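Beneath this line is the structure, given in structure tokens, with notes to follow.
None of the figures in this text is laboratory data; all of them are computed from the coordinates on show. Note that this is a predicted model, so its numbers are computed, not measured. Quick reminder, even Gly has a Cβ in these numbers, built from the backbone with ideal geometry, and neighbours come from all protein chains shown.
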Amino acid sequence: MFRCFLAGRPTKNRAKIAQKNMEYDTIVIGAGLAGLTAANARAARGERVLLLAKGHGACQWASGCVDLLDAPEHPLAAIAQLAAKHPLHPYARVGPAALHGGLKLLQSACSKMGYPLVGSPTQTLRLPTALGALRPTSLVPLTMVAGEARQLAAGGPLLIAGFRALRDFFPPLIAANLRTQGFPATSCYLTMPNSERQRDFTPMNLAHLFERPAFRENVAQQLRAHVRQGGYTRIGLPAVLGLHHAVTVVQALQQTSNALIFEIPTPPTSIPGMRLAHALEQAARQAGVHIQLGSWVVRGSGSQKRLETIYSAAAAREQRHHAQHWVLATGGILGGGIRREPQGALRETALGLPVHSPSQANEWFHPHLFAPGGHPIFQAGIATDQHLRPLDAAGQIMYTNVMIVGSALAHCDPLREGCREGIAVATGYKES
Amino acid sequence: MNHPPPLNQGLDQCIKCNICTSACPVAAVSDRFPGPKYVGPQAQRFRREGQPVPDDSVDYCSGCRVCNEVCPTGVPIAQLNARARAQIVAERGVPLRNWLIARTDMIGRLSAGPQAPLVNFVLRLAPTRWLAHYILGIHRHAPLPLARRHTFRAWVAERRVQGTGNREQGTGNREQGTENREQGTENREQRTENREQGTENREQGTEKSVLSSPSRLTPPTSTPPTSTPPTSTPPTFSPHASSPHASSPHASPIVYFHGCATQAYEPHVGQAALAVLEHHGYEVLVPPQNCCGLPLISNGDFVAARRAHLTNVRHLLAYVRQGIPVVGTSTSCTLTLKEEAPEILGLHSADVQLLAAHTYDLFEFLRLLAEAGQLRRDFRPMARQLPYHIPCQYRAHRIGQPVVDVLSLIPGLQLSLSPAACCGIAGTYGIKREKYAIAMAVGQPLFNFIRQSGSDLALCDSETCRWQISHATGVATKHPIELLAEAYNLSYYQS
């Protein structure tokens, strides 16, 4: 429509100069871990990148740890075995180099924010959840590492503390479940220090409060009293210990309380997940990436197997975007990149790519909820070639300049396999 | 297609993940507002017509729309909240204070003009502010803009008079057009003839200052706009009317929506907008218009808001039916014309849609020109680094940062981008006694950013944000269009 009232003919040169500012080498769709990794990786390779997303990504729903694979000992070795056995699995597609590159990128972004991720892809760590179960993962923030199962087993008595005002975090439940697993855990509720806030303590509100020295000093004194009384060597607290200065907060609490402090991830929204997203966003902005949220990609168009334009919903009209390369990081069924239509078919929401899935809806679910092999539906996703380019039902490449990354990929079940973050950073990092 | 769900279905899209609550700038600083999820999609289930409103805390929603921006499932939370507030107002009536401050055009009319110095003086007296604070409920420290003696429309009218004087010899048709001004019709052919004659004239030496006169739009026919059959949306622009270069033989018309603030308090913003548009060869029209209705919407007065919007539709319909775009410098006004009024007020007629489809924020429009290679590049270099805050209402357009895209074409100019979600004032929210402190706390990250920039000037598109920034930091503020006009070296009247 706009073109119509721009009848004047620009000189070619002029158009080129003006457009340069608004044209991108790559547009990444999706602001989750995969999209943020892709944006950073490409900006680091000198590309001009726009990150376009409908909202915050699924990082804020996750633990803030980096899960590579649910393996008893050595995730990296297990990944190699998996790749050999399942050549279509995203790990097999991208290879170990991309995984290492992606992890390095993520770790460096977090370190720059003073929030180091510790651990190694060669070792499985087990950390308590908000239910007191132990969850396998590989890289964890410094603020959580004192809760690792080996350390818990070696140490003395353990205290799990929380606030009654913080919903969905129950120290007695966590402690009881840890005790059944053999850890000497006790629980307590702390008194909420006075602040101008009287009610509604969300994880975010508490994270802000913990960044105030007076607030955390009050909590630290309470912990100190508990330590004196119970002789605890470690204290587990909900993962709300600051948003931007978590390491400082934890150090301050440790110093005063004389015990090691570790964070336990809370149900969404996840402050540790947010910290990861912030670190990557910050790094991306510094590398010149433009980030535009609130923009739903509604369709794309192209020719000769090249995607040329996409359109995002905006007030009163769609916004058009052009780029040379595209990265689709819109997530799977959980992240909203894949949806079920009322008629029962699955569709990829941004570009309308064909979704690889079990053909019949009655084959989507295993009769047993906790079937070890999982439910087939969660393997649904976009099938790709070895360069992560999308394939149609006949196995033909649909777009040569589009890469699919993260949980939108078919042939894996990131949650059940415990590889959500690993797939995200490895595929996000991969060069096209 | 993957469009966000419509308002009435949006409720069911909420998965209660609390991402909105974590991002909400109001919930972060005050527990009077429990968060968008609670008062929006959750409380909505308890709101039924004819039943009492379950919770008043929705009144503490500032309407900044950050929740909409971050929601991963597309729930139109801010719209739900706006409607919930209107339900409270419908039940209990509009409080006097809100009735008053929502009528920004009326306040502007009463304060701008010859009486402005007196009004400004009286409104700034401590006793006046004290009375307003304790009796009306307008916070005594809230930023109040200075009313101007000369309004924007008065300036436009003066300019027209001078301009027609210049051009009198050959514009017989134009005179006729002026008479018919109020009838705004679309006899496109004849109109173009008129314009061509005018242009010849202009080229003879009356310089290119194309006048902003509503009369230019009006063809000498007399069909009232309402009687024309509705056009399907979106219309196409007739090519012969479309050549935006200053060098081109005839100028394209464009309608400027100035909004209440430019009219009464900041005419220089409108003057800069006109200068830039005319620099690109547009013939800028400033037809009659009233408040976009946003202050009424955010104070829950939907009845008056509908009236305001439909009046604007009536005023502007004749123009948009001819394919003439409407641009505005107040990003909240343009958002209201584009989306808020139709969506929140439930106005979906073809005419309303037609206006929405033709309305652009000025920098959105300029960016489209740039994308088409038609933005003029005769900038003078500006070796400056300036902080820029994109208003929450601009982000709600969901078109990225057009100001950054356009201004970064100016050689030497560097913008440092504010990381803040909102300045806090949110139109009339931050001037209310009970909300002033919240608004100032919400804006704190922005104020810190601006202070730390060390700059003596900050850029922001929205007038109330500018007032809030200057109020909190003491740093002068400008609309980006003023800077663009300076970069083009255009002299525009500065008060």
In 5 Å bins starting at 0, how do the alpha-carbon pair distances of the stretch A:270-409 split up by percent? 2, 8, 15, 19, 19, 16, 11, 7, 3, 0
Taking the square root of 5λ for each eigenvalue of the C-alpha gyration tensor of the stretch B:384-487, the equivalent ellipsoid has semi-axes, largest first and in whole angstrom, of 23, 15, 11
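Å³ per residue of the Cα convex hull, for the stretch A:145-264? Don't skip to the end; give the middle numbers.
Numbers: hull volume 10.6 nm³, N = 120.
Per-residue hull volume (Cα only) is 88 Å³.
Other chains' Cβ within 10 Å of A:137-150 residues: what's the mean? It would help to have the intermediate numbers written out before the result.
Details: counts 0, 0, 0, 0, 0, 0, 0, 0, 0, 0, 0, 0, 0, 0.
What the average comes to for A:137-150 is 0.
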Alpha-carbon radius of gyration plus Dmax, which is the widest Cα pair, for the stretch B:1-134 in Å: 18.8, 58
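For the stretch B:303-370, what Kirkwood radius comes out of the mean inverse Cα-Cα distance, in Å?
On the way: mean 1/r = 0.0835 Å⁻¹.
One over the average 1/r among Cα pairs gives 12.0 Å for the stretch B:303-370.
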Would you mind ranking A:MET403, A:MET144, A:MET398 so that the residue whose beta carbon has the fewest other beta carbons within 10 Å leads the list? A:MET398, A:MET403, A:MET144
Tell me, B:SER408, B:SER453, B:SER30, B:SER332 in order of fewest to most beta-carbon neighbours within 10 Å? B:SER408, B:SER453, B:SER30, B:SER332
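Please report the antiparallel percentage of the DSSP beta bridges confined to chain A, to the nearest 5. The partial results should precede the final answer.
Numbers: 25 of 55 bridges.
Here the antiparallel bridges make up roughly 45 percent for chain A.
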To test your reading of the geometry: what angle, between 0 and 90 degrees and rounded to tens, separates the Cα axis of helix A:33-44 from the longest principal axis of chain A? 60
What net charge do the residues around A:TRP326 carry, taking every other residue with its C-beta under 15 Å from that of A:TRP326, with Lys and Arg at +1 and Asp and Glu at -1? +2
The stretch B:58-93-the stretch A:38-91 distance, computed between alpha-carbon centres (Å): 36
Which is farthest toward the positive dipole end of the protein assembly as shown among B:GLN322, A:ILE160, A:SER138, measuring Cα position about the Cα centre, with Cβ charges +1 (Lys, Arg) and -1 (Asp, Glu)? A:ILE160
May I ask you to list the aspartates and glutamates whose Cα is less than 15 Å away from that of B:LYS37, ignoring any residue fewer than eight positions away on the same chain? A:ASP200, B:ASP12, B:ASP55, B:ASP56, B:ASP59, B:GLU69
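Counting residues in the stretch A:224-342 as N, plug N into 2.2 N^0.38 Å and put the Cα Rg over that result.
Numbers: Rg = 22.4 Å, N = 119, 2.2 N^0.38 = 13.5 Å.
Normalised by 2.2 N^0.38 Å, the Cα Rg of the stretch A:224-342 equals 1.65.
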Using only Cα atoms, find the angle between the long axis of helix A:271-286 and the longest principal axis of chain A, and express it within 0 to 90 degrees, rounded to the nearest 10. 40
Tell me, what does the Kirkwood hydrodynamic radius of the stretch B:36-85 come to in angstroms if you use every pair of distinct C-alpha atoms? 11.0
Angle, helix A:213-230 long axis vs. longest principal axis of chain A, Cα atoms, 0 to 90°, nearest 10? 50
Pair B:TRP99, A:ARG299: separation of 7 Å Cα→Cβ label points (nm): 4.9
Part-to-part distance (alpha-carbon centres) for the stretch A:138-180 and the stretch A:358-426, which is given in Å: 33
Overall dimensions of the protein assembly as shown as given by Cα atoms, namely Rg and Dmax in Å: 29.6, 100
Holding the Cα-Cα limit at 22 Å, pick out from A:LYS54/B:LYS16; A:LYS54/B:LYS478; A:LYS104/A:LYS305; A:LYS104/A:LYS430 the pairs that are longer than that. A:LYS54/B:LYS478; A:LYS104/A:LYS305
Counting Lys and Arg as +1 and Asp and Glu as -1, each charge on the Cβ, what is the dipole of the protein assembly as shown about the Cα centre in debye, to the nearest 20? 1060
